[in-house]
Amino acid sequence: MIKAYIDVTLKKSILDPQGTAVKKGLEKLGFYAEDVRIGKHIEVLLKEDKIEAAREKIDEMCRRLLVNFEVETYSVRFEVIE
Amino acid sequence: MKAGVIVFPGSNCDIDAYKVLEKLDVEVEYIWHDEKIENVDLILLPGGFSYGDYLRCGAIARFAKALENINDHIEKGKLVLGICNGFQILTELKALPGALLRNKNLNFICSDCNLIVENNSTPFTNLFTKGEVVNFPIAHGEGNYYIDEEGLDELIKNNQIVFRYQNNPNGSVYDIAGIVNKKEMYLV
């Protein structure tokens, strides 16, 4: 089986008010960050054995539901699970 | 005219919408998300938190049985009104362009709000005059309308912007508070 780890984030051009609020929170604790962006993490377990096939499926899932391309983008990494 | 208010698990302004239509002497019924829409002239998608806003606001609602034949409904020239979460559902359905993001200041805003009528030639706004300032209640955490520049030009060109905020409360692009589709079927 293959596990896909998907990270969905707001596009760089979109202001992320959550990230800005957290950045300010970190500053109150004495941490300075150049930038903080918040996204979501999705894990999907697939009954595939080839990464190419899994990638195709995940890309379609992202396109049709998991990601709103008006404002979001995603990255994905795969792990083969024995 | 017959209206149907679609009720999703998590809708919370469905009763308000029903009562308003009833007061206006419109024949109105509730449509549970799991029922098919039949023989209504106006579909109203109410506010609230359909399906707990899981994944994204409105993202799961678009799979509801009640919305399966929404495109046929539109093709027939019937009306759809999406308020608040209803607007989010319509953008997720790609029935309206753009998307709704978290309010710029992250606050949930619940207040009265002045809107400027930009387009009074829609079936929803034809009793207003253009430029008139109207007061509407707003209540949303994700009402920050986003559309890219190209999309915005298109909205302006096609006169699809119906309401703009007088004092933008949430960071919406171009102070947009309400839009219609090209056929003038939807409104925020």
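The values are calculated or read from the model by the stated rules, or taken from the named source; none is laboratory data. Note that the structure is a prediction, hence the values are computed from the model and not measured. Ideal geometry is used to build each Cβ from the backbone, glycine not excepted, and the neighbour counts take in all protein chains shown. The accessibility values were calculated without ligands, DNA or RNA, using every heavy atom of the protein model including side chains. Shrake-Rupley method; radii C 1.70, N 1.55, O 1.52, S 1.80 Å.
In table form, for the structure just shown:
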quantity: Magnitude of the charge dipole, the protein assembly as shown, Cβ model with Lys/Arg +1 and Asp/Glu -1, debye to 20; calculated: 360 debye
quantity: A/B buried area, accessible surface, summed, 1.4 Å probe, Å²; calculated: 1300 Å²
quantity: Cα lying deepest toward the dipole's positive end in region A:2-80, options A:GLY30, A:TYR5, A:ASN68, charges on Cβ; calculated: A:GLY30
quantity: Degrees separating the helix A:17-28 axis from the principal Cα axis of chain A, which is the longest one; calculated: 50 degrees
quantity: Members of A:LYS57/B:LYS182; B:LYS78/B:LYS130; B:LYS2/B:LYS182; B:LYS2/B:LYS36; B:LYS36/B:LYS130 lying beyond 26 Å, as alpha-carbon distances in this model show; calculated: A:LYS57/B:LYS182; B:LYS36/B:LYS130
quantity: Where only alpha carbons of region B:58-114 are counted, the Rg and the Dmax (Å); calculated: 13.5, 40
quantity: Spin-label proximity, B:LYS36 to region B:67-109 - amide N less than 13 Å from point 7 Å beyond Cα toward beta carbon; calculated: B:67-70, B:72-73
quantity: Amide hydrogen neighbours beyond the local backbone of B:VAL7, cut-off 5 Å, H modeled; calculated: B:ILE31, B:TRP32, B:HIS33
quantity: For B:ASP16, solvent-accessible area (1.4 Å; no DNA, RNA or ligand), Å²; calculated: 90 Å²
quantity: For residues of B:94-100, the mean tally of beta carbons on other chains within 10 Å; calculated: 2
quantity: Accessible-area ranking of A:PHE31, B:PHE128, B:PHE87, largest first, probe 1.4 Å; calculated: A:PHE31, B:PHE128, B:PHE87
quantity: Lys, Arg +1 and Asp, Glu -1 on Cβ, resulting dipole of chain B about Cα centre, debye, nearest 20; calculated: 140 debye
quantity: Additional length obtainable on full extension of the chain from B:ALA139 to B:ASN159, 0.36 nm per residue less Cα span; calculated: 4.6 nm
quantity: Percent of beta bridges antiparallel (DSSP, the protein assembly as shown, rounded to nearest 5); calculated: 75 percent
quantity: Reachable lysines from A:LYS28, criterion Cα separation under 30 angstrom, eight or more residues apart if same chain; calculated: A:LYS11, A:LYS12, A:LYS40, B:LYS104
quantity: Sequence-separation-based contact order of chain B, relative, with Cα cut under 8 Å and 6+ spacing, percent; calculated: 18 percent
quantity: Of all accessible heavy-atom area on chain B, the percent that carbon and sulfur account for (1.4 Å); calculated: 49 percent
quantity: Using alpha-carbon coordinates, inclination of helix A:51-61 to the longest axis of chain A, degrees; calculated: 60 degrees
quantity: Whole-number accessible area per residue in Å² for the protein assembly as shown, which is evaluated in the context of all protein chains at 1.4 Å; calculated: 54 Å²
quantity: Complex-versus-alone comparison for region B:136-158, residues with a loss of 30 Å² or more in accessible area, probe 1.4 Å; calculated: B:TYR146
quantity: Helix-only [θ]222 nm of chain B, DSSP H runs n ≥ 4, -39500 (n - 2.57) each, per residue, nearest 500; calculated: -5000 deg cm²/dmol
